[in-house]
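Asker: Just dropping this structure here.
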Amino acid sequence: MPWTGTPRSRTCSWPRRTTVARLPYAVGVRTAATLAVLISVVALAGCGGGTAEPEPESGAITAGQVSRQFAESAGRALQETDVPDAAWRQLGYGLNPSRPILDRFGVFSVYVVEAGNEEAVASLLSDKANGEPLEADAKGIYWERDSLSGTWIAHTRYGENVVLTWFSEKRRKATDARWARLDRILSGLPAA
């Protein structure tokens, strides 16, 4: 029989009961509130206290300005790539843009170089195969031949720190209405 002891002090020896120490309700609520405040403070500190991006140096354009310009002119803001680079922020419509976006703009990226980093701008305007600087044509386009596809890539600089890289998909140096749309949008930037 599992019961032992006198009727007043009956206890059950089977199954054994274990007790769990419980904190008073007020202590648990205070602890939860303290943790919530602490998490909020850490999150704000990690996000820079809520500032979106640093103020640009004289004449420099920010990635936010470029993205807003596209939102206002094209109806859709640009997105930053998932692979960050210390020298610039790369913007575009993602790795798999929709057919209407491709028909309207083609394949492109916009690079917003950190203010004053001329070396990074020069690297964007250099031939990727040999590192030689590209020469601008009469329109200010720096043409680079893609050795894999045999087509031409148009690089265009706006202001001191923005470079558009547009893939022409053509075997000759030529822009079309897609590049012209991008050029119109980026020419509207404040310092361009």
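Here, each number is a calculation from the coordinates, and none is a lab measurement. Treat the numbers as computed from the prediction; the structure is a model and nothing was measured. All Cβ positions, glycine included, derive from the backbone under ideal geometry; neighbour counts span all protein chains shown.
Asker: Mind listing just one residue for me: the one in the range 103-123 that is surrounded by 14 or more Cβ atoms within 10 Å (Cβ to Cβ) and free of Cβ contacts under 8 Å to residues at least 40 places away in the same chain and, of those, farthest from residue 143 (Cα to Cα)?
Answerer: Pass one, the range 103-123, residues surrounded by 14 or more Cβ atoms within 10 Å (Cβ to Cβ): 104-117, 120-121, 123.
Keeping just the survivors that are free of Cβ contacts under 8 Å to residues at least 40 places away in the same chain gives 120, 123.
Details: 120: 17, 123: 14 Å.
Restricting to residues being surrounded by 14 or more Cβ atoms within 10 Å (Cβ to Cβ) and free of Cβ contacts under 8 Å to residues at least 40 places away in the same chain, the top hit is 120.
Asker: Now for a different question. Would you confirm whether or not the range 160-180 contains a residue that is of a type in the set (A, V, I, L, M, F, W, C), buried (at least 19 other Cβ atoms within 10 Å of the Cβ), over 22 Å from the mean Cα position of the chain (by Cα) and more than 19 Å from residue 63 (Cα to Cα)?
Answerer: Checking the range 160-180: at least one residue is of a type in the set (A, V, I, L, M, F, W, C), buried (at least 19 other Cβ atoms within 10 Å of the Cβ), over 22 Å from the mean Cα position of the chain (by Cα) and more than 19 Å from residue 63 (Cα to Cα).
Asker: For the range 143-159, what are the residues that are hydroxyl-bearing (Ser, Thr, Tyr) and either in a strand (DSSP E or B) or surrounded by 17 or more Cβ atoms within 10 Å (Cβ to Cβ) (or both)?
Answerer: Step one: filter the range 143-159 for residues hydroxyl-bearing (Ser, Thr, Tyr), giving 147, 149, 151, 156, 158.
Residues satisfying the conditions are 156, 158.
Asker: Mind checking which residues of the range 124-142 are crowded, with 19+ Cβ neighbours inside 10 Å, under 20 Å from residue 176 (Cα atoms) and touching a residue at least 24 places away in the same chain (Cβ under 8 Å)?
Answerer: 141
Asker: Separate question: Considering only residues of the range 79-125 that are in contact with a helix residue (DSSP H, G or I) (Cβ under 6 Å, 6 or more places away or on another chain) and assigned to a loop (DSSP other than H, G, I, E, B), which is nearest to residue 66 (Cα to Cα)?
Answerer: Filtering first and then ranking leaves 93.
Asker: Now, a different point. Which condition from (1) buried (at least 19 other Cβ atoms within 10 Å of the Cβ); (2) under 16 Å from the mean Cα position of the chain (by Cα) is the one that residue 96 breaks?
Answerer: With (1) buried (at least 19 other Cβ atoms within 10 Å of the Cβ); (2) under 16 Å from the mean Cα position of the chain (by Cα) applied to residue 96, the lone miss is (1).
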